[in-house]
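See structure below.
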Amino acid sequence: MSQNIANYIQDPEILMPAFMESPGHRNNMINSIDSKVGIACAFDQNGKIWWAINFHS
């Protein structure tokens with residue numbers, strides 16, 4: 001299992017390319033072993049968005 005977490009980008013259309021530019025995040029996303037994905041976002045008490053993307057086989 002692998003996971004990408006972010007809290008610095010609000011827009012998912014910007015978040016995904018940013019993940020692809022990061023070698024570690026990119027590897028998590030293109031790992032051929034993982035076949036399932038779960039995606040969640042939540043806002044903390046200060047209104048900051050948090051993203052979690054889990055990858056699992």
Self-check item: Top-ranked residue of the range 1-47 - restricted to ones that are part of a loop (DSSP other than H, G, I, E, B) and among the acidic types (Asp, Glu), ranked as surrounded by the most Cβ atoms within 10 Å (Cβ to Cβ)
Solution: ASP34
Self-check item: Count of the range 21-36 residues which are aliphatic (A, V, I, L, M) and either within 17 Å of TYR8 (Cβ to Cβ) or within 10 Å of the chain's Cα centre (by Cα) (or both)
Solution: 1
Practice problem: State which residue pairs qualify: first residue within 18 Å of GLY24 (Cβ to Cβ) and without any contact (Cβ under 8 Å) to a residue 24 or more places away in the chain and inside the range 39-57, second residue of a type in the set (Phe, Trp, Tyr) and assigned to a strand (DSSP E or B) in any location, beta carbons under 9 Å apart, and separation of 6 or more residues or different chains. | Solution: ILE39/TRP51
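Rule-based calculations on the coordinates, nothing more; no lab input. Worth saying up front: this structure is predicted, and the values here are computed from it rather than measured. Quick reminder, even Gly has a Cβ in these numbers, built from the backbone with ideal geometry, and neighbours come from all protein chains shown.
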